[in-house]
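Working notes, beginning with the structure itself.
The values are calculated or read from the model by the stated rules, or taken from the named source; none is laboratory data. In this text, all values refer to a predicted model and were calculated from it rather than measured experimentally. Here the Cβ is made from the backbone with ideal geometry for all residues, glycine too, and neighbour counts use every protein chain on show.
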Amino acid sequence: MKKQRFLSLALALSMGLSLCACGGNSSNADSNASDPDSANETAVTNNSEVQETTPATDDNTQTEELSYDDQSAKIYDEVLGEFYEYYQKAEEAGSVSERYALMAIAEAKMLESAVMLPLTTKGGNYAISRVVPGTLTPILWGDDQYRFHQLLITTELITAEHRAEMKDKYSELRGTGTYEEWAKEYLAEKGYTIKDSYNYIYTADPNTWDVLATSLQSDSEPVVNTYDCLMEYDMEGVLQPRLAESYEVSADGLTYTFHLREGATWVDSQGRKVADVTADDFVAGMQHMMDAMGGLEFLVDGIIKNSTQYINQEITDFTQVGVKAVDERTLEYTLEAPCSYFITMFNYSVFAPLCRSYYESQGGKFGAEYDNSAADYTYGKGPDSIVYCGPYVITNATAKNTIVYKANESYWDKDNINIKEMNWLYNDGSDATKSYNDAIAGTLDGAGLNPSSIELARSEGNFDDYAYISATTGTSYMAFYNLNRAAFANFNDETKMVSSQTEEDAARTNAAINNVHFRRAISFALDQSAWNALYSGEELKLNSLRNSYTPGTFVTLEEEVTVDINGTATTFPAGTYYGTIMQAQIDADGLPILAFDKNADDGIGSSDGYDGWYHPEEAVEELNKAIEELAAQGVVIDEQNPIQLDLPYPMSVESFTNRANAYKQSLEKVLGGKVIINLIGGESNDDWYYAGYYPTYGYEGNYDVNDSSGWGPDYGDPSTYLNTLLPEYAGYMMKTIGIY
């Protein structure tokens, strides 16, 4: 744990805990955003004095004497210790396939612990769009799904019939490098006109324009089109060189050497040249990322040589870290050990370059001198205080209004970008039909359809012609349970989202939510299909439901593997889905969770498209077990003494308000009034975000149940999900369950 993080934590604790996440941490608002291919609609995107509570322990003693870190460690060991044991075994596996199998078992143990409830993914909803299918990368991880320079956009809405034909052809041509030209010919034949602009919805302004100092998707997504990485996945899913022309890997798998192209330059927001792009920019970027500690550092922690030691300040000389500029156009990464997925990480912002000279001109410093609160530190404060080496420069950014992107005239590949201008338009989701109306008018180039806009589209005759079902993605949105709640109002404003719980209420809730049977009870009690119908509509209520953290089809075994499942040697053949192994462990443990359904997706198998967690009878059984165990600790639970759970939500968004009420009704009905859901409404989206999405540490989370956040993959290995759940501040999403 790096010193600056420890100091900020110590400062917060000295204040009496009065304080309340790219591929990466994603707000649930994003699940409804206007994805360029799926075009999902943007839906949103007590006492003010904080009370300290402590979890009940097996021996009925309190842990008040423990420091916050010790409390976090104790809770982690109790609820996720078995998960971590299997995760560590997976890290030591002798093959990639054994690694996948052990990761799947680890995830099964995590799901069984019920520290989180899988809810939804992006997509799976009705949409209309001018975005040509197949022109956005299909790769689920990293940032390339938000890089839009290769999109094809038509001036007319694409009919559902033509879209289906194009998707079929894409499946046939994918990987051949010929789909784009075929698509252009097809569109011309069908009477469409291709345009060079793209109008897109966004739901939250970035808190920083420094892409290396944040791991929040709402920060990184607006910036990824302004810089190039070394590599990028193209529209057919093939990894292509960008700022690197080529690379090679040493025979021992420890050294990756990239050769940079000539002619790439940095420009400011006015398009004026600042510097050439050199290998040193990637060294500067990696050091700044580790100095900033914005949440990206855990991705390279233990992978790049001496990264752990630098992050922990055990070494301060960055030249000892395995990132080296051999010369102006030769860049070298040295690893601690061979890493099978290392090359899949290079399309993510953690490997973004940083123009060292410009950064320093904006007050930026490196190492122990880094201080983004210094009076002269202006880097990343706005789009005019960064420089650009990608396809676009930002010419205007008006908060909660518009972000305008223009083609970078100095871009090394400017002749090969399809989109010359982008206009991002803010939508707070308060008007359920606005995005549909804007898409019909051409103000937007796509929109998801919620129940209100579906009805409108049908009445206007647009539904049958243009509506299609958007694809699901790798992003998993979850309901997280706060196991060590310390904040009962928002950390940024103690007058916002204030809990009505008394100190006694909070202590009882804390004891209950630290009981695994209680967590399973509330997880099994939510009728997710009815809950999701309030956004997606009755017809598609199952499509976007996800039942695991890592999608079950994310990876497959490369070879046959035999692993131990509850004392039985179990063999899985090559080609087995990750989810199959995950489900085998859950079944062996006798839990009713269906995290992977082998019959879903027309028999292919999937973690999506059904409700595998709603089991009302089992919910009651689990609650009764929890009541018995908690009674032994002096906590009585019945209709007269219910457990209270605070669920924040944005009152400004009708669909989210409806879903919050559905959550309350489902749990209270199934659990017989022995659990009460307190709906804590925020006047704005930001109030909701500050309750559960923006907090940096667990003690800042102002909720008992939080459904505002999720995780998207950063690279092509299951650890991209599971390492967010590691202890000792290594796991980015640990804060969502109130620890670290």
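Among Asp234, Asp228, which is in contact with a helix residue (DSSP H, G or I) (Cβ under 9 Å, 6 or more places away or on another chain) and either closer than 16 Å to Gln145 by Cα or not hydroxyl-bearing (Ser, Thr, Tyr) (or both)?
Details: Asp228 fails: in contact with a helix residue (DSSP H, G or I) (Cβ under 9 Å, 6 or more places away or on another chain).
Result: Asp234 is the single residue among Asp234, Asp228 that is in contact with a helix residue (DSSP H, G or I) (Cβ under 9 Å, 6 or more places away or on another chain) and either closer than 16 Å to Gln145 by Cα or not hydroxyl-bearing (Ser, Thr, Tyr) (or both).
Within the stretch 611-719, considering only helices (runs of 4 or more DSSP H) that don't extend past its boundaries, which have at least 1 residues that are surrounded by 24 or more Cβ atoms within 10 Å (Cβ to Cβ) and under 24 Å from the mean Cα position of the chain (by Cα)? Working first, answer last.
Working: elements: 616-631, 654-670, 685-692.
Correct list: 654-670, 685-692.
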From Glu668, Glu700, grab the single residue that is in contact with a Cys (Cβ under 6 Å, 6 or more places away or on another chain), within 20 Å of Ala506 (Cα to Cα) and of a type in the set (Asp, Glu). Glu700
Would you confirm whether or not the stretch 369-386 contains a residue that is part of a strand (DSSP E or B), in the same structural domain as Arg272 (by TED's automatic domain parsing), of a type in the set (Asp, Glu) and closer than 21 Å to Cys229 by Cα? no
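Quick grid of which residues meet (1) more than 19 Å from Gly731 (Cα to Cα); (2) crowded, with 21+ Cβ neighbours inside 10 Å:
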site	(1), (2)
Thr257	yes, no
Trp266	yes, yes
Gly271	yes, no
Ala284	yes, yes
Gly294	no, yes
Asp301	no, no
Ile304	no, yes
Phe318	yes, no
Inspect all residues belonging to the stretch 231-251 and state whether any of them is assigned to a strand (DSSP E or B), within 26 Å of the chain's Cα centre (by Cα), surrounded by 15 or more Cβ atoms within 10 Å (Cβ to Cβ) and hydroxyl-bearing (Ser, Thr, Tyr). yes
Within the stretch 190-210, count every residue that is under 20 Å from the mean Cα position of the chain (by Cα) and more than 18 Å from Ile128 (Cβ to Cβ). 9
Is it true that Phe488 is closer than 23 Å to Glu683 by Cα, in the same structural domain as Tyr721 (by TED's automatic domain parsing) and under 24 Å from the mean Cα position of the chain (by Cα)? no
Would you say Asn423 is of a type outside the set (Asp, Glu), part of a helix (DSSP H, G or I), at pLDDT 95 or above and farther than 30 Å from Leu111 by Cα? no
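Looking only at the stretch 432-445, which residues are at negative phi and either among the polar types (S, T, N, Q) or at pLDDT 95 or above (or both)? So that I can check it myself, show each step before the final result.
In the first step, residues of the stretch 432-445 are kept if they are at negative phi; the result is 432-441, 443-445.
Correct list: Thr433, Lys434, Ser435, Tyr436, Asn437, Asp438, Ala439, Ile440, Ala441, Thr443, Leu444, Asp445.
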Regarding Ile153, is this residue in contact with a helix residue (DSSP H, G or I) (Cβ under 7 Å, 6 or more places away or on another chain), more than 30 Å from Phe524 (Cα to Cα) and among the β-branched types (Val, Ile, Thr)? no
In this structure, is Ala530 in contact with a helix residue (DSSP H, G or I) (Cβ under 7 Å, 6 or more places away or on another chain) and not in a strand (DSSP E or B)? yes
Quick check: anything in the stretch 133-155 within 30 Å of the chain's Cα centre (by Cα) and over 17 Å from Asp234 (Cα atoms)? yes
Under 6 Å between Cβ atoms, which residue pairs at least 6 apart in sequence (or on different chains) link something in the stretch 176-194 that is modelled with pLDDT under 95 with a partner that is among the aromatic types (Phe, Trp, Tyr) and outside any loop (DSSP other than H, G, I, E, B)? none
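Quick check on Ile513: is it within 26 Å of Arg546 (Cβ to Cβ), in contact with a Lys or Arg (Cβ under 7 Å, 6 or more places away or on another chain), aliphatic (A, V, I, L, M) and in the same structural domain as Ile676 (by TED's automatic domain parsing)? Steps first, please.
Numbers: within 26 Å of Arg546 (Cβ to Cβ): yes; in contact with a Lys or Arg (Cβ under 7 Å, 6 or more places away or on another chain): yes; aliphatic (A, V, I, L, M): yes; in the same structural domain as Ile676 (by TED's automatic domain parsing): yes.
Considered against the rule, which asks whether it is within 26 Å of Arg546 (Cβ to Cβ), in contact with a Lys or Arg (Cβ under 7 Å, 6 or more places away or on another chain), aliphatic (A, V, I, L, M) and in the same structural domain as Ile676 (by TED's automatic domain parsing), Ile513 comes out as yes.
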